[in-house]
Amino acid sequence: MTTTVVKQVSGKPATSPEPRFDPVALAEAEAIRKRAEAEAEAIRIKAQGEVEAERLRAAEEAEKQRLANERAAMRLEKDKVSHEAFVAKRNTEIARSNAETDEVTKTAADKASREAQRLAEQERSERWWRWGARGIYAIGLIIAAPVQFEHFWDPQHPFLVAAPGLLEGFALALAFGAAWAVAHRRDVLPYRIGIMVGALIAAGVNLYGGMTDPEIGFNAGLIGAIASLGGPVVLMTYERGIAQKADGIPSRREIRATKKQAAAEATAAAKARTEKAAADERSRIAAEAAEARTKAEQMHRDEDRQQHHPAVWKIANSIRSARGCQHVTEQIWAEAWHRVTGFRQVGVTLDIDTQSRAAEARAATAAQAPVLGPRSLVDSQIKPRQKKDPGAPDGRRNNGSTPPVRRPGDTPPYSEGARRQIGRTTAARRTVDGAPHHPFAAPENSRPSDN
């Protein structure tokens, strides 16, 4: 509070005893108070923002930790499932391997059993065949020997009683020699010839005795001749089979089976050759079609480039000719495009790059500009006022026209993004309405009155 100076008529100043208020000082004091309140509010808002940011950061860290723990748990579960799948797969493989091993073992056992049965059958049949041949020879000897004894019996020459042993023993000894030759891998043919000669001699003697000696008779002589021939022939046949088996000579059945198998293999080979030739022909046709399609595409590509980009095509064709290539490859075209336009990305020119950069700048500006008007999110953060009927009585009259008391926490705090948007919107409105001025600021032409 100051005193006002008033000039008298004589020009001397006179002090007015009545105190008056200075509006400039009051405005400055109010401005200082407002500035202090604004600074305190800014500090409070900053502290609140830091606390909120710390809370958000802690929440974010907690969320990150939760996600990390969840991912670790999921990874552990995945590893567990993978391990279980691996164990199951390994058990399946082991079971399959055991099954295959059992199958192979069973197959080998069955094969060995069949082979053992076959060998046993061969041994059994060979044994029966051997004893059958020997039995036939023995029966023939029993029949032929008495005929020869009766034919050669002569009281004056008793030594001729050994002639049947010589005739029948000749073939028997040669049969034993043939068996020795088979066992020692020697030539059996001389022994077989000797057996047949001895058997023919014995048969001829028996037949001659039956025809010339009435006491023997023709029937006895004939059956004796057959017995002398049959026994050695059957024994020689047995020895021949043993010799072929020892020498590895295939039988007729084996020869037929071998020929049948060879014919089947030849048929399969011919079928495979036919299928391979057909597959090769299809591959050749497909390759020719692909080559023709590639050439057509290359020709169309060259014509299109030559028509729409003649300058680049000229450089590309020169590079192709210098390098000795058959056609302009993608590498040559990219190099020629860079040489002509200066851009390494094929298809980009100076005009396209300029338009693209301008569009990007416009998009960035639009993204960073504040949102104003009905699309602003400020109004969506403020609770709408409750509409009231115009004819309804004024409720303030019931409480003496005193507005309700506002207390902290009545309105939920705005988010950080909402506060920023409120600031942008308020600044934009002030810029549109004009330069802001303090309500207690003095006008430019205001000064103390001289009167």
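The values are calculated or read from the model by the stated rules, or taken from the named source; none is laboratory data. Everything numeric here is computed off the predicted structure, so don't read it as measured data. Backbone-built Cβ (ideal geometry, glycine too); neighbour counts: all protein chains shown. Accessible surface areas use protein heavy atoms only, side chains included; no ligands, DNA or RNA. Shrake-Rupley method; radii C 1.70, N 1.55, O 1.52, S 1.80 Å.
Suppose R0 equals 56 Å; then what is the FRET efficiency for Ile45 and Lys80 from their Cβ-Cβ distance, rounded to the nearest 0.05?
0.65
What whole-number distance in Å separates the alpha-carbon centres of region 285-321 and region 142-210?
101
If you stretched the chain out fully between Asp410 and Lys64, how much longer would it get, using 0.36 nm times the residue separation minus the C-alpha to C-alpha distance?
Contour length minus Cα-Cα distance gives 121.3 nm.
Using each residue's phi in region 287-304, evaluate 6.51 cos²θ - 1.76 cosθ + 1.60 at θ = phi - 60° and report the 3J(HN,Hα) Karplus result to the nearest Hz, with x for Gly and Pro.
5, 5, 5, 5, 5, 5, 5, 5, 5, 5, 5, 5, 5, 5, 5, 5, 5, 5
When the expected Rg is taken as 2.2 N^0.38 Å, what fraction or multiple of it is the alpha-carbon Rg of region 36-154?
Normalised Cα radius of gyration, region 36-154: 3.68.
When the chain is fully extended, how far beyond the present Cα-Cα distance does Leu189 get from Asn219, taking 0.36 nm per residue of separation? Mind dumping the intermediate values first?
Numbers: separation 30, 0.36 × 30 = 10.80 nm, distance 3.28 nm.
Using 0.36 nm per residue and subtracting the Cα-Cα distance, I get 7.5 nm.
Mind scanning Lys111/Lys245; Lys106/Lys276; Lys111/Lys271 and naming the pairs with a C-alpha gap bigger than 29 Å?
Too far apart for the 29 Å limit: Lys106/Lys276; Lys111/Lys271.
For region 246-357, which whole percent of the accessible surface, found with a 1.4 angstrom probe, sits on carbon and sulfur atoms?
Carbon plus sulfur share of accessible area: 54 percent.
Which whole number in µm²/s is D for region 158-304 by Stokes-Einstein, with the Kirkwood Rh taken over Cα pairs at 20 °C and 1.002 mPa s? Show your work: numbers first, answer last.
Working: Rh = 21.6 Å.
The calculation lands on 99 µm²/s.
Using each residue's phi in region 318-333, evaluate 6.51 cos²θ - 1.76 cosθ + 1.60 at θ = phi - 60° and report the 3J(HN,Hα) Karplus result to the nearest Hz, with x for Gly and Pro.
Using θ = phi - 60°, the values come out as 5, 4, 4, 5, 5, 8, x, 7, 6, 8, 6, 7, 5, 5, 5, 5 Hz.
Per residue of region 225-234, what does 6.51 cos²θ - 1.76 cosθ + 1.60 with θ = phi - 60° give for ³J(HN,Hα)? Whole Hz please, x for Gly and Pro, Karplus curve as stated.
Going residue by residue, I get 5, 5, 5, 5, 7, x, x, x, 5, 5 Hz, with x marking Gly and Pro.
Give, in nm to one decimal, the length gained when the segment between Ala25 and Thr426 is fully stretched (0.36 nm per residue of separation minus the Cα-Cα distance).
141.4 nm
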